[in-house]
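Comments concern the structure below.
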Amino acid sequence: MDSKVLKDLDFERVLNTLSKFLNTHIGHKYLYSIKPLGEEDRVFQRKAVEELQGIFKKGVILPLYDFEGSPHVLEKIRVASNLSSHEFLEISNLLHNYVKLYEVLYNTVMIEKLPSVEFVKPILSATRKNIDDEGKIRDDATLKLKELTLLKKHIDAKLKGVLSQLLEDYYKKGMLREKFYTMKNHRYVFPFRPEVSPSGIVHGYSHTDKTIFVEPYEIVDIQNKLVKVEDERKEEEDRIRRNLIETLNENYETIKDIHDKIGWIDFLHAVALYKEEKGGVFVDKSDALYVKNLRHPVLVEIKGYENVVPFSIDRFSKKGLFISGPNAGGKTVVLKNIGIVALSYMYGLPVLAEKAEIFPVKSVFTVGFTNEQDISEGKSTFSGIIEEIKNIVEHAERGSIVLFDEPFSFTDPQEGEALQESIVNYLIDRGVYVFLTTHMWGLKFFAEAHPEIENATMLFDAASGMPLYRFKIGMMGKSHAIEIAENIGLPNSIIEYAKKRIAGEGSRVVDIITRLEKEEAELLEREKRLKDKEDEVNEREKRLKKYGKKLIKAEYERVEKELKELLKELHKERKIKEKIKKVQVARKQIQKLKEEVDIYKNPAEHPEIGKNYRIKPTGMIGTLLEIRRKNAIVQIGNVQMEVPLEYLFEL
């Protein structure tokens, strides 16, 4: 998957959250190298995660083990290089813990993908037989080493006895500077006074030349024997170490597989912990997009679960969805939520929702999320977007999803609308799903007329002038730019001028939508209150049935009176549903109403210089300055532009 897509949809941050549940270094490496799964692997991974959830619910802790620098040690094993004592110990612990892990997972689907412990036990036996708990060669690793170790101890004991006897003799005779013996050049020596002429081999002098270090002849032969035994022991240890390295090298592929599989199990275990702790669900394969109460995991991390407005979409099966509505109203978050569902399905990961389904997704593409101009390459934002779209056109296939976040907001609206329409048609004709955010009315009307595209809006509270961050399919959204600007505090003169600038017949549809949005918001709120009251009545009825006989008479009469009042109020509120139906009928009439307020009814058949005309498709009013063959030069405000004569309509 393109890293840009993962970044645009905050999927990398989702993986960062998941990484907090990992135990091993190799688990982290596995997590950040995961790839989209095929259907068989997706089903397998889901089953494995569910089994792991069952395991740790029983209180079983997986013996997951690896160590820092393990890839380096594995490479040394591959080339049969010498290992340090610590490295021998780490490999031994890795294999030992793997055997335990294998036993825990024996009755799960994961066992079929794990190397059999029958191949591991001989390797582990060889390491355990030869390596002690500190990573050193065991004294009893071989019979020869055991005999040499016993001989060394015998010679050591004999040497220490002679050293003690000589120390007492030399000290009584006043020959020593101090009463001790030490090591010089790996040999035992005594600190003699310089005026004494001891019998032995001189190994050095003190800095002041007041002490001479001598190995007495009495211990030369014993020390020679000790050196010989130690050399033989070292040779035997080196031979054992070489044999052990050779065994590890011969089984490198198995050890490497074990190492990697531990990372894989750690990843699955982290997914299981994440799913359990966060309350996630897997995304099911379906013929439509269906999401119930999804929360984007990054927003949950930042704001907390309860502070994130959940996203839902009810069985959307068309090819395109055009999302409009107020600025900062959550349009981009909706795109990211859809993208997270798609990516989670592809990678076999859970989402934070009550339920999630999606059609089989082949790939995901994004456009417009990070519009950064590349100065070094001399590319404009628009050029960069076109290159992204070119890549999508070349690689998107049936079942791909393309998420457009206002991609043509950086160019001429008229040409941008035309390009976007053409691109959407091209992709949908090839079986690609298109989800798009926009403020362009032309695109909203295009979606309204297209059989495979639906409009959707982010709801806006007209009373407070604030977005509600709720999503609704089936209606066009208004940008509410002027209202938002007014709430922020732009001067009244600017606001009034802007309102007059867009006033006219063309604003009637916008006004109708605004009124319907307000009415619907009010009615939905009242419907919610109605539902709450119905629930309260049902709850009271249940309580009365269960505890009525036990209530004292006064309490019973009080509850009965409350119930009657609630039922009376409920009867009044039921009339709300009739009003909601009227609003829904009004929506269906919008299409007819749009035709009634059509501002392009009367084309300018005989254009006159100096006369004002309505200009398609923007709906702006301009003055005709000049006619050039089939084109017209018009003045719109301070701007002159050239349009086809057929774009002029009578006011």
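The values are calculated or read from the model by the stated rules, or taken from the named source; none is laboratory data. In this text the structure is predicted, and so the values were computed from the model without any measurement. Virtual Cβ from ideal backbone geometry, glycine too; neighbours counted across all protein chains shown. These accessible areas exclude ligands, DNA and RNA; they are computed on the full protein's heavy atoms, side chains included. Shrake-Rupley method; radii C 1.70, N 1.55, O 1.52, S 1.80 Å.
For the reader, a short list of remarks on this structure follows.
- For the range 237-341, size of Cβ-based charge dipole, Lys and Arg +1, Asp and Glu -1, in debye: 780 debye
- Radius ratio Rg over Rh of the range 271-345, counting only Cα atoms, Kirkwood formula for Rh: 0.97
- Residue ranking by accessible heavy-atom surface, 1.4 Å probe, largest first, among 2, 405 comes out as 2, 405.
- For residue 390 and residue 243, the FRET efficiency from 1/(1 + (r/R0)^6), where r spans their Cβ atoms and R0 equals 56 Å, is about 0.40.
- Using a probe radius of 1.4 angstrom, the carbon and sulfur fraction of the accessible surface of the range 1-101 is 52%.
- Theoretical FRET efficiency, 1/(1+(r/R0)^6), r = Cβ-Cβ of residue 286 and residue 528, R0 45 Å, to 0.05: 0.95
- In Å², nearest 10: area of residue 534 left accessible to a 1.4 Å probe: 40 Å²
- For the pair residue 107 and residue 197, label points projected 7 Å from Cα toward Cβ lie 8.8 nm apart.
- Relative contact order computed over the range 1-124 (Cα-Cα under 8 Å; 6+ residues apart), in percent: 25 percent
- Annotation: amide H-H contacts under 5 Å for residue 321 (H modelled 1.01 Å from N, sequence separation of 5 or more, or interchain): 434, 435, 436, 454.
- For the range 214-363: rounded, prolate or oblate by the Cα gyration tensor [a/c cutoff 1.5]: prolate
- Solvent-accessible area per residue, Å², over the range 132-198 with all protein chains present [probe radius 1.4 Å]: 65 Å²
- Working from Cα pairs under 8 Å separated by at least six residues, relative contact order for the range 190-247 is 26 percent.
- P(r) tail fraction, the range 79-125 - alpha-carbon pairs more than 17 Å apart, %: 42 percent
- Förster radius 41 Å - calculated FRET efficiency between residue 2 and residue 601, Cβ distance, rounded to 0.05: 0.30
- Over 21 Å [Cα-Cα, the range 152-216], rounded percent: 19 percent
- Largest to smallest accessible area among 404, 445, 213 [probe 1.4 Å]: 445, 213, 404
- With 21 Å as the limit, the listed pairs 173/210; 152/173; 318/444; 234/256; 76/261 have 152/173; 234/256 beyond it between alpha carbons.
- Dipole magnitude of the range 117-249, debye to nearest 20 (Cβ charges: Lys/Arg +1, Asp/Glu -1, about Cα centre): 160 debye
- Between residue 307 and residue 630, the contour length at 0.36 nm per residue exceeds the Cα-Cα span by 110.5 nm.
- Accessible area of residue 66 in the full protein assembly, 1.4 Å probe (Å², nearest 10): 20 Å²
- Net charge dipole, the range 297-351: roughly 280 debye, given to the nearest 20, about the Cα centre with Cβ charges of +1 for Lys and Arg and -1 for Asp and Glu.
- Shown for the range 273-422: the carbon plus sulfur share of the solvent-accessible area, taken with all protein chains present and a 1.4 angstrom probe, equals 47%.
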